[in-house]
Amino acid sequence: MSTPAGGGAEVLAITANDGVVLARQKTRALAQQCRLSLVEQTKLVTAASELARNTLIYGGGGTMTAALVEERGRRGVRLVFADQGPGIADVDLAMTDGWTSGSGMGLGLSGSRRLVDDFVLDTAPGAGTTVTITKWAR
(Lines give C-alpha, C1' and ligand atoms only; values in the text may rest on other atoms or scores of the structure.)
Protein backbone atom coordinates (compact mmCIF):
# COMPACT_ATOMS: atom_id res chain seq x y z
CA MET A 1 0.00 0.00 0.00
CA SER A 2 1.32 3.41 -0.97
CA THR A 3 1.03 6.45 1.20
CA PRO A 4 1.04 10.04 0.03
CA ALA A 5 4.32 11.78 0.77
CA GLY A 6 4.71 15.47 1.39
CA GLY A 7 1.30 17.04 1.55
CA GLY A 8 -1.22 14.66 0.02
CA ALA A 9 -2.93 14.65 -3.33
CA GLU A 10 -4.08 17.49 -5.55
CA VAL A 11 -7.03 17.17 -7.93
CA LEU A 12 -7.05 19.10 -11.21
CA ALA A 13 -10.06 19.42 -13.50
CA ILE A 14 -9.51 18.44 -17.13
CA THR A 15 -12.47 20.04 -18.88
CA ALA A 16 -10.71 22.04 -21.62
CA ASN A 17 -7.29 22.27 -23.26
CA ASP A 18 -5.98 24.46 -20.45
CA GLY A 19 -6.63 21.55 -18.08
CA VAL A 20 -4.28 19.42 -20.17
CA VAL A 21 -1.62 22.14 -19.93
CA LEU A 22 -2.09 22.41 -16.14
CA ALA A 23 -1.86 18.61 -15.82
CA ARG A 24 1.50 18.66 -17.64
CA GLN A 25 2.77 21.52 -15.47
CA LYS A 26 1.73 19.84 -12.22
CA THR A 27 3.27 16.56 -13.35
CA ARG A 28 6.58 18.27 -14.19
CA ALA A 29 6.65 20.04 -10.80
CA LEU A 30 6.03 16.80 -8.89
CA ALA A 31 8.58 14.90 -10.98
CA GLN A 32 11.19 17.54 -10.13
CA GLN A 33 10.20 17.49 -6.47
CA CYS A 34 10.59 13.69 -6.48
CA ARG A 35 14.05 14.14 -8.05
CA LEU A 36 13.32 12.10 -11.15
CA SER A 37 16.03 12.38 -13.79
CA LEU A 38 15.34 14.66 -16.75
CA VAL A 39 14.68 11.62 -18.97
CA GLU A 40 12.26 10.12 -16.42
CA GLN A 41 10.54 13.51 -15.99
CA THR A 42 10.05 13.72 -19.75
CA LYS A 43 8.61 10.19 -19.91
CA LEU A 44 6.15 10.93 -17.10
CA VAL A 45 5.07 14.29 -18.53
CA THR A 46 4.56 12.69 -21.96
CA ALA A 47 2.40 9.93 -20.47
CA ALA A 48 0.44 12.48 -18.43
CA SER A 49 -0.14 14.63 -21.50
CA GLU A 50 -1.47 11.67 -23.51
CA LEU A 51 -3.74 10.50 -20.71
CA ALA A 52 -5.02 14.00 -19.94
CA ARG A 53 -5.86 14.48 -23.62
CA ASN A 54 -7.66 11.09 -23.67
CA THR A 55 -9.61 12.13 -20.57
CA LEU A 56 -10.74 15.29 -22.34
CA ILE A 57 -11.37 13.95 -25.85
CA TYR A 58 -12.70 10.45 -25.26
CA GLY A 59 -14.00 10.76 -21.69
CA GLY A 60 -15.65 14.15 -22.14
CA GLY A 61 -13.49 15.64 -19.39
CA GLY A 62 -12.59 14.48 -15.93
CA THR A 63 -9.87 14.85 -13.34
CA MET A 64 -6.21 14.16 -12.68
CA THR A 65 -5.30 13.40 -9.08
CA ALA A 66 -1.56 13.87 -8.51
CA ALA A 67 0.55 12.95 -5.51
CA LEU A 68 4.02 12.07 -4.36
CA VAL A 69 3.92 8.57 -2.90
CA GLU A 70 6.18 6.33 -0.86
CA GLU A 71 6.12 2.54 -0.99
CA ARG A 72 8.68 0.06 0.33
CA GLY A 73 11.26 2.79 0.77
CA ARG A 74 10.78 4.19 -2.74
CA ARG A 75 9.50 7.62 -3.72
CA GLY A 76 7.44 8.23 -6.80
CA VAL A 77 4.79 10.27 -8.55
CA ARG A 78 1.32 8.77 -8.92
CA LEU A 79 -1.26 10.21 -11.28
CA VAL A 80 -4.87 9.06 -11.54
CA PHE A 81 -6.90 10.13 -14.58
CA ALA A 82 -10.65 9.58 -14.20
CA ASP A 83 -13.65 10.32 -16.36
CA GLN A 84 -17.32 9.38 -16.50
CA GLY A 85 -17.29 8.91 -20.27
CA PRO A 86 -18.43 5.94 -22.34
CA GLY A 87 -15.60 3.66 -21.17
CA ILE A 88 -13.53 1.45 -23.46
CA ALA A 89 -15.42 -1.36 -25.13
CA ASP A 90 -12.36 -3.35 -26.30
CA VAL A 91 -9.42 -2.84 -23.94
CA ASP A 92 -7.15 -5.25 -25.83
CA LEU A 93 -7.70 -3.34 -29.05
CA ALA A 94 -7.27 0.03 -27.32
CA MET A 95 -3.93 -1.13 -25.87
CA THR A 96 -2.63 -2.20 -29.31
CA ASP A 97 0.20 -0.04 -30.66
CA GLY A 98 -0.95 2.07 -33.57
CA TRP A 99 -4.69 1.65 -32.98
CA THR A 100 -6.69 4.82 -32.56
CA SER A 101 -10.40 5.48 -32.19
CA GLY A 102 -9.89 9.02 -33.44
CA SER A 103 -7.45 11.05 -35.46
CA GLY A 104 -4.50 10.60 -33.10
CA MET A 105 -1.35 8.56 -33.60
CA GLY A 106 -2.58 5.62 -31.54
CA LEU A 107 0.16 6.00 -28.93
CA GLY A 108 -1.96 7.18 -26.00
CA LEU A 109 -2.66 4.13 -23.84
CA SER A 110 0.00 1.70 -25.05
CA GLY A 111 2.64 4.42 -25.30
CA SER A 112 1.80 5.72 -21.84
CA ARG A 113 2.08 2.22 -20.41
CA ARG A 114 5.62 1.89 -21.78
CA LEU A 115 6.69 5.27 -20.36
CA VAL A 116 5.85 4.55 -16.71
CA ASP A 117 6.68 1.91 -14.11
CA ASP A 118 3.14 1.02 -13.01
CA PHE A 119 0.03 1.27 -15.20
CA VAL A 120 -3.49 0.23 -14.17
CA LEU A 121 -6.50 0.63 -16.47
CA ASP A 122 -10.01 0.30 -15.03
CA THR A 123 -12.83 0.73 -17.53
CA ALA A 124 -16.12 -0.70 -18.65
CA PRO A 125 -18.59 0.34 -21.34
CA GLY A 126 -20.87 3.01 -19.90
CA ALA A 127 -18.89 3.24 -16.66
CA GLY A 128 -16.07 5.65 -17.49
CA THR A 129 -12.34 5.07 -17.36
CA THR A 130 -9.70 5.41 -14.67
CA VAL A 131 -6.00 5.12 -15.49
CA THR A 132 -3.47 5.10 -12.64
CA ILE A 133 0.22 5.54 -13.46
CA THR A 134 3.26 5.69 -11.22
CA LYS A 135 6.86 6.60 -11.98
CA TRP A 136 9.41 5.64 -9.30
CA ALA A 137 12.63 7.52 -8.57
CA ARG A 138 15.70 5.40 -9.34
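Here are the numbers for this structure:
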read-out: Residues (at negative phi, surrounded by fewer than 17 Cβ atoms within 10 Å (Cβ to Cβ) and touching a strand residue (DSSP E or B) at 6+ places or on another chain (Cβ under 8 Å)) located in region 30-55; value: Gln33
read-out: Subset of region 114-135 (residues that are surrounded by fewer than 16 Cβ atoms within 10 Å (Cβ to Cβ), over 10 Å from the mean Cα position of the chain (by Cα), free of Cβ contacts under 8 Å to residues at least 40 places away in the same chain and within 13 Å of Val91 (Cβ to Cβ)); value: Asp122, Ala124, Pro125
read-out: Some residue of region 98-113 being touching a helix residue (DSSP H, G or I) at 6+ places or on another chain (Cβ under 6 Å), in contact (Cβ under 8 Å) with a residue 60 or more places away in the chain and buried (at least 20 other Cβ atoms within 10 Å of the Cβ); value: yes
read-out: Checklist (1) crowded, with 20+ Cβ neighbours inside 10 Å; (2) touching a Leu at 6+ places or on another chain (Cβ under 9 Å) applied to Ala16, failing item; value: (1)
read-out: Residue that is modelled with the lowest pLDDT, among those in region 1-29 that are part of a loop (DSSP other than H, G, I, E, B) and either in contact with a strand residue (DSSP E or B) (Cβ under 6 Å, 6 or more places away or on another chain) or under 20 Å from Gly108 (Cα atoms) (or both); value: Ser2
read-out: Flag if Ala47 is within 13 Å of Val131 (Cβ to Cβ), in contact with a Ser or Thr (Cβ under 6 Å, 6 or more places away or on another chain) and not polar (S, T, N, Q); value: yes
read-out: Pair list, Cβ under 9 Å, 6 or more apart: region 45-69 residue without any contact (Cβ under 8 Å) to a residue 40 or more places away in the chain, other residue in a loop (DSSP other than H, G, I, E, B) and not polar (S, T, N, Q); value: Gly60/Gly85; Gly60/Pro86
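The values are calculated or read from the model by the stated rules, or taken from the named source; none is laboratory data. Please read these numbers as outputs of a predicted model, since none were measured by experiment. Using ideal geometry, Cβ is built from the backbone for each residue, glycine included, and neighbour counts are taken over all protein chains shown.
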